[in-house]
Amino acid sequence: MTVDGPVARVVLDRPEVRNAQTPAMWRALADFGTTLPSEVRLVLVSGEGLSFSAGLDRRLITGDPVDGEEPLLSLGARPAAEAHEIVAGFQAGFSWLRRPEFISVAAVQGHAVGAGFQLALACDLRVVASDAKFSMREPSLGLVPDLGGTQPLVQLVGYSRALEICATSRWVEADEARQLGLANIVVPAEELAVTVKDLSDALLTPLPGAIRETKALLLGAADRSYVDQLRAEREAQVRRLTELAGSFG
C-alpha cells in the first residue's frame, strides 16, 4: 500500500495463493484507510499475479494455522457482542473505500471470489479484464457475505439477480459482469493497466471538491426523497460556489 501525491495504491500481494485474504490483511486495509493524506483523490485496488483475489484463505475455514490467525469458525464460540465487534473490524477494511473524499477503482483480473468479489464491490468503479470471473462463495460454505458487499451488489444488479448470484455461488464472467453493470469497462488482460491509467487521468481532471460533493450526492440519492435530493443538490452547489468565489476573490 503506497501513496503518491493524489493517488493511493492497494496491491494484494499473495500471488502464490491467488491473493487469498486474511483478517490481518483486512486490519491493514482499515489502518491504511484511516491514515490516508487529505490530498488523496484516487484509490486504486489491484492484485499481484494472475488473480485479483480468490477470497478468504480457505485454511481459516478448515482450522489450519495461517500467520497466527485463529480459525474463522472460532468466532462462533465467542459472546455475540464480542463477535460482532470483531466482524465490524473486518468490515472496516472495506467500507472506507466508499468515502466521498476520493474515488476508488478496482482493477480486476482472473478470480474475484468471496472476499475478493466484495473488495471489488467496495470500490466505486471496476475495470475488468476479459479473463475475470466473479463468485460469491460464502453461502456455499454456510456463511453470508459480511464484508459490505450485499448492498452495492443489489444497487448494481437488482435484488433478484443479486439473490440468484449469491444463492447459487455461480461464476459471473466478464461479459456478463458488463451486461449486469458490475463492470464499468471490460478490456483484454494485456490492456488492463493502460486502461486503468487512462481512467485515472480522467478522474483526476475535475476539481476535487466537485468530485467529492458529486460522489456524496450519488451515494445518498437512494435514501432520500426527490425533494430531499433537490435540497442536497442546492446545498452542495452553494458550497461549491462559495469555495470557487473565494478562490477567485
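The values are calculated or read from the model by the stated rules, or taken from the named source; none is laboratory data. Source: prediction; values computed, not measured. We place every Cβ from the backbone using ideal geometry, glycine too, and count neighbours over all the protein chains shown. Side chains included, ligands, DNA and RNA excluded: accessible areas come from the protein's heavy atoms. Shrake-Rupley method; radii C 1.70, N 1.55, O 1.52, S 1.80 Å.
Can you work out which of the residues in the stretch 174-190 that are surrounded by 12 or more Cβ atoms within 10 Å (Cβ to Cβ) and over 10 Å from Val128 (Cα atoms) is nearest to the chain's Cα centre (by Cα)?
Gly181
Yes or no, residue by residue, for (1) touching a helix residue (DSSP H, G or I) at 6+ places or on another chain (Cβ under 7 Å); (2) aliphatic (A, V, I, L, M):
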{"position": "Val187", "(1), (2)": "yes, yes"}
{"position": "Thr195", "(1), (2)": "no, no"}
{"position": "Lys215", "(1), (2)": "no, no"}
{"position": "Leu230", "(1), (2)": "no, yes"}
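Return the residue satisfying two criteria in turn: it lies in the stretch 211-241 and is of a type in the set (Asp, Glu) and over 26 Å from the mean Cα position of the chain (by Cα), and of such residues it is farthest from Gln151 (Cα to Cα).
Restricting to residues being of a type in the set (Asp, Glu) and over 26 Å from the mean Cα position of the chain (by Cα), the top hit is Glu235.
For Val144, all conditions in the list (1) open to solvent by 50 Å² or more (accessible area, probe 1.4 Å); (2) among the aliphatic types (A, V, I, L, M); (3) outside any loop (DSSP other than H, G, I, E, B) hold save one; what is the number of the exception?
So the condition that Val144 fails would be (3).
Condition test on Ala222, is it within 23 Å of Val157 (Cα to Cα), out of contact with any Pro (no Cβ under 9 Å at 6 or more places or on another chain) and not basic (Lys, Arg)?
Spelling it out, Ala222 is indeed within 23 Å of Val157 (Cα to Cα), out of contact with any Pro (no Cβ under 9 Å at 6 or more places or on another chain) and not basic (Lys, Arg).
Among the numbered criteria (1) farther than 22 Å from Arg18 by Cβ; (2) open to solvent by 10 Å² or more (accessible area, probe 1.4 Å), which single criterion is violated by Ser130?
So Ser130 meets the others, but not (1).
Within the stretch 148-162, which residues are in a loop (DSSP other than H, G, I, E, B), within 22 Å of Leu29 (Cα to Cα) and either open to solvent by 10 Å² or more (accessible area, probe 1.4 Å) or without any contact (Cβ under 8 Å) to a residue 12 or more places away in the chain (or both)?
Matches in the stretch 148-162: Gly148 only.
In this structure, does Asp124 turn out to be on the phi < 0 side of the Ramachandran plot and not small (Gly, Ala, Ser)?
yes
Would you be able to say whether some residue in the stretch 106-127 is crowded, with 16+ Cβ neighbours inside 10 Å, under 27 Å from Glu213 (Cα atoms) and basic (Lys, Arg)?
The answer is yes; a qualifying residue exists.
May I ask you to list the residues in the stretch 68-102 that are open to solvent by 40 Å² or more (accessible area, probe 1.4 Å), assigned to a loop (DSSP other than H, G, I, E, B) and within 17 Å of Ala30 (Cβ to Cβ)?
Passing the criteria: Arg99, Glu101.
Residue check: is Ser38 closer than 30 Å to Leu199 by Cβ, open to solvent by 40 Å² or more (accessible area, probe 1.4 Å) and either assigned to a loop (DSSP other than H, G, I, E, B) or touching a strand residue (DSSP E or B) at 6+ places or on another chain (Cβ under 9 Å) (or both)?
Yes.
In the stretch 39-74, how many residues are more than 16 Å from the chain's Cα centre (by Cα) and over 23 Å from Val87 (Cβ atoms)?
Total meeting the criteria: 5.
With the requirement that a residue be more than 18 Å from Arg41 (Cα to Cα) and open to solvent by less than 60 Å² (accessible area, probe 1.4 Å), what does the stretch 200-229 give you?
Selection gives Gly220, Ala221, Ser225, Gln229.
Quick one: would you say Ala236 is in contact with an Asp or Glu (Cβ under 6 Å, 6 or more places away or on another chain) and either open to solvent by less than 50 Å² (accessible area, probe 1.4 Å) or part of a helix (DSSP H, G or I) (or both)?
Yes; evaluated as a whole, the condition is true for this residue.
Give me the pairs, please: first residue somewhere in the stretch 49-63 and part of a loop (DSSP other than H, G, I, E, B), second residue anywhere and of a type in the set (Lys, Arg) and open to solvent by less than 40 Å² (accessible area, probe 1.4 Å), beta-carbon distance under 9 Å, and either six or more positions apart or on two chains.
Gly49/Arg14; Asp57/Arg14
Any residue at all in the stretch 181-196 that is more than 24 Å from Gly110 (Cβ to Cβ) and either touching a His at 6+ places or on another chain (Cβ under 8 Å) or among the acidic types (Asp, Glu) (or both)?
No, that holds for no residue.
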